[in-house]
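Heads up, the thing below is written out as structure tokens.
The values are calculated or read from the model by the stated rules, or taken from the named source; none is laboratory data. Just so we're clear, the structure is a prediction, and the values are computed from it rather than from any experiment. When we count neighbours, we look across all protein chains shown, and the Cβ atoms used for this are built from the backbone with ideal geometry, even at glycine.
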Amino acid sequence: MAASRTKSRAAIAGPLVILCVIALGCGAAYAWHTSRDSGGSSGAIATPLTATSSPVGRAAPDAAHPVSSPRATPSTRPTAVPKSGTGRFTTAHASGKAAGHGEVRRYKVEVEGGIDLSATDAANEISSILADPRGWTADGHDAFRLVSSGPVDFVIKIATPDTVDAICGAAGLQTEGEVNCDVGATVVVNLKRWELGSPEFSGPIDDYRALIINHEVGHRIGHGHEGCPGPGKLAPVMMQQIKGLHGCIANAWPYDRHGHYLSGPPTA
């Protein structure tokens, strides 16, 4: 993930089991966007995987800073995701009213073929994230509207690891089947991160998805990376939390429920 100030620019724990997952990031690169014409899916990525990042940080929601938020459809975490799909994308036939005040940014959601993920369900979940009062609309001058047609300011694609690698690799970037990429008018979300989460984020998968979307959209509206503001504090959403929490607590939202921006020192 790289900042851009113009228009640059991812568990439910049952009563008897806890699924541990591994991830490498919400994204660390720019890339152009396109559709591959390769067909079919091959293989799957299963969890658990071998950890290559720092120890898992424990999310600790409290009354002042809850991590979870209610959303329309609860999500369950699978044990594997397909490694590749068709390379073609379906646009979600979903739309809604603008959320927030100020400049309205129109966006659409696309999901790669060959995977078991409803484009409409994904679009509705993303719309809920961007409309959450702890999201970017809390700044008072950004608004977002989900559309299925017409001009858009950005597109969010959810793709399999191989497709993400192909898109990012064409720009000379190495996502290695693990991370998301963001460039121009497109955010490409790695299905592996969308479904399996991150070892640095122990909260519900829905909240990790909120972190992916809030981080990437944050870049799109002009925010750069931030670091941990201090041990025991909530990590800023613009912190690259997948690279380690450095004493902070995992967090998915740019603002707390009182409308205070959760900031940290600027980083590269």
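For the reader, a short list of remarks on this structure follows.
- Qualifying positions in segment 229-245 - under 19 Å from Arg134 (Cα atoms), assigned to a loop (DSSP other than H, G, I, E, B) and among the hydrophobic types (A, V, I, L, M, F, W, C): Ala235, Val237, Met238, Met239
- Exactly one residue out of Gly184, Gly197, Gly169 is at positive phi and modelled with pLDDT under 85: that is Gly184.
- When each of Arg193, Arg145, Arg134 is tested for being surrounded by 24 or more Cβ atoms within 10 Å (Cβ to Cβ), more than 15 Å from the chain's Cα centre (by Cα) and of a type in the set (D, E, K, R), the lone residue that passes is Arg134.
- Within segment 136-154, residues that are over 17 Å from Arg257 (Cα atoms) and of a type in the set (Phe, Trp, Tyr) reach partners that are in a helix (DSSP H, G or I) and modelled with pLDDT under 95 with beta carbons closer than 7 Å, at six or more positions or on different chains, in the pairs Phe154/Arg220.
- First in segment 239-264 and crowded, with 16+ Cβ neighbours inside 10 Å, second anywhere and part of a strand (DSSP E or B) and not charged (D, E, K, R), Cβ under 6 Å, 6 or more apart: Ile242/Ser198; Ile249/Leu234; Ala250/Phe201; Asn251/Leu234; Tyr255/Tyr261; Leu262/Leu234
- Some residue of segment 95-110 being modelled with pLDDT of 95 or more, buried (at least 19 other Cβ atoms within 10 Å of the Cβ) and in a loop (DSSP other than H, G, I, E, B): no
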